[in-house]
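Down below is the structure, laid out as structure tokens.
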Amino acid sequence: MAGSNYALQSLRILVVFVLAAAATTIVVPRAKSPCTYSVSRTILDVTGLDPYLITCAGDASEASLSDGADAGKKAGSGGPIVTDINLCGDPDPPDYPVPPFYCCPPASASEPVNFTFPDPADQPLRTRRPAHEAGAGHMAKYKRAVALMKALPRRGTRSCPFHLAYLYFFERIAAKLLGDPGFALPFWSWDVPDGMRMPVDFADQASPLYHKRRSPLHWPPRVSDLEFMFEESNLTDEQQIQRNLWVMHKQMITNAPLPSLFLGQPYRTGDAAMAGPGSVEFCPHNNMHVWTGDIRYPNVEDMGIYYASGRDPIFYAHHANIDRLWEAWRRIVTARSNGTQRVDLTDPDWLDSSFLFYDEEARLVRVTVRDTLDMGRLRYVYDGVGLPWLDARPPTTPGVKGERSHLKFVRFPVSLDASAVTVEVSRPEEPPRSRQEEVLVVEGIEVDSGSSVKFDVYVNAMEYHKVRTGGRELAGTFVTLKQPGREGETMKTSMRVALNDLLEDLGAERDGSVTVTLVPVKGKVRIGGLRIVYVAE
């Protein structure tokens with residue numbers, strides 16, 4: 001959220017402070033002029049606030065493949081954003097919205113105080129555990145906390161059914177209401193086999209965790225589909241679990257060797273409204289929102305659209321898992337590189353960007369990004385599940401490369417509506433440093449902001465329809481959810497797919513070019529071009 005924000009906001013920003021209904025209030029600024037502020041697209045998505053608070057010249061697809069520091073800054077851009085509670089505006093809901101709408105928080109009688117880390121002497125270390133293993137006693141506490149929050153005044157500083165709160169303050173408020181300073185949120189571990197079903201506590205109609213606007217097809221014991229986009233899978237439970245593990249490996253390992261690929265591309269003051277998101281935001285974050293929402297509603301309320309998702313108590317468990325995955329990614333990269341690969345971003349514009357929240361004492365608190373990057377200092381940890389997808393490398397499929405002599409000439413930009421498009425893309429010369437990552441850039445992506453869109457990217461698989469479910473040739477998936485109230489407006493973005501591991505598995509490390517096949521799954525999209533670059537961070 002700021003001079004130099006990243007689309008996924010290091011997932012700690014998205015999650016450690018995930019916005020929630022019926023809890024704390026986040027304050028996001030409405031720009032006084034089109035280029036006064038820059039606000040993280042992901043944060044705006046989750047809040048349901050206007051993601052087009054700024055509309056300035058420039059194409060997000062042209063953003064530099066930055067190292068996360070000052071490289072890639074545009075002239076006249078930069079500087080951390082400072083949020084202002086007085087600039088909050090009215091919501092801009094989509095067509096056929098589901099009320100109620102409460103947007104702006106109550107004004108504070110005093111200036112915000114700067115965030116201070118909890119004192120280990122009087123704040124116990126909170127352990128977040130998987131909902132399916134947390135135990136009846138722990139889940140009973142969460143049920144009571146949600147019930148108490150729902151009973152708070154809707155316009156109070158600790159409850160707001162439309163504005164959402166980040167997980168940290170949500171958890172602190174829950175602990176305060178329960179009188180239990182050690183209370184920790186449960187997380188929905190949909191990335192491990194035992195957690196891939198919706199936790200049963202959320203399906204009990206007598207429970208405060210129950211929510212009526214969820215897909216009736218996805219109650220327990222249905223196994224979640226981490227690639228879901230409105231069409232049901234015909235896989236068996238065992239097949240679906242295996243495919244989910246392959247998806248997790250692809251998004252957490254293959255496509256996430258560098259911070260900018262995992263967290264997303266820079267988004268600075270003056271940039272277009274959507275930079276290129278990170279691997280996990282595309283999938284499975286977005287897909288699980290849709291899988292949980294109720295497709296009988298035009299906007300897949302509540303979880304399937306940003307403005308309403310925080311109304312569902314499962315929202316917090318979902319995003320707690322995203323936060324856990326960010327921490328897991330940091331540890332994986334550190335271990336695999338023997339500590340030589342940087343995992344945190346260093347751009348001061350990003351680190352010094354700040355947000356406003358009401359805490360458990362109803363105080364308005366200013367928090368910077370750098371305040372959120374150390375779980376230990378925030379006094380919480382994750383426990384209870386492993387990483388079964390760590391070595392779940394998807395298999396290759398023989399006989400799908402096809403004959404390049406059959407390729408037709410393609411002139412970009414192209415519309416990706418009903419038919420797939422295959423293009424031969426040349427690889428650049430060998431990089432000067434072996435640590436560089438080869439990256440496929442799908443640039444100039446344009447979609448209708450009011451539509452949900454999904455397309456798949458295959459490498460060296462002209463006969464993509466023969467690729468086994470979840471096969472290695474499926475290199476990446478683009479997923480975006482509809483933006484509330486922006487039907488008919490064009491959203492521009494980009495996508496990046498890491499190639500080093502993929503080309504090794506496909507036996508194509510020494511090839512001078514690869515074929516890239518773009519396959520539409522849902523919605524209409526326009527593609528500006530394809531290129532391969534080397535990135536080092």
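Quick notes on this structure:
- Flagged links, alpha-carbon separation over 29 Å, of K250/K466; K401/K492; K466/K492; K250/K524; K401/K522; K250/K492: K401/K492; K466/K492
- Measuring only protein heavy atoms, the 1.4 Å probe finds T346 accessible over about 70 Å².
- Kirkwood radius and radius of gyration were both taken over the C-alpha atoms of the stretch 404-535, and their ratio Rg/Rh is 0.98.
- For the stretch 386-503, the solvent-accessible area works out to 45 Å² per residue, with a probe of 1.4 Å and every protein chain left in place.
- Neighbourhood net charge (13 Å Cβ-Cβ; Lys/Arg +1, Asp/Glu -1) for T477: 0
- Exposure of F412 as accessible area (Å², to 10), given a probe of 1.4 Å and all protein chains: 60
- Residue order by solvent-accessible surface for E443, E360, E232, E504 is E504, E232, E443, E360, largest first, with ligands and nucleic acids left out and a 1.4 Å probe.
The values are calculated or read from the model by the stated rules, or taken from the named source; none is laboratory data. These numbers come from a predicted model, not from an experiment. No Cβ is skipped: glycine too gets one built from the backbone with ideal geometry, and neighbour counts run over all protein chains shown. Only protein heavy atoms, including side chains, enter the accessible area calculation; ligands, DNA and RNA are left aside. Shrake-Rupley method; radii C 1.70, N 1.55, O 1.52, S 1.80 Å.
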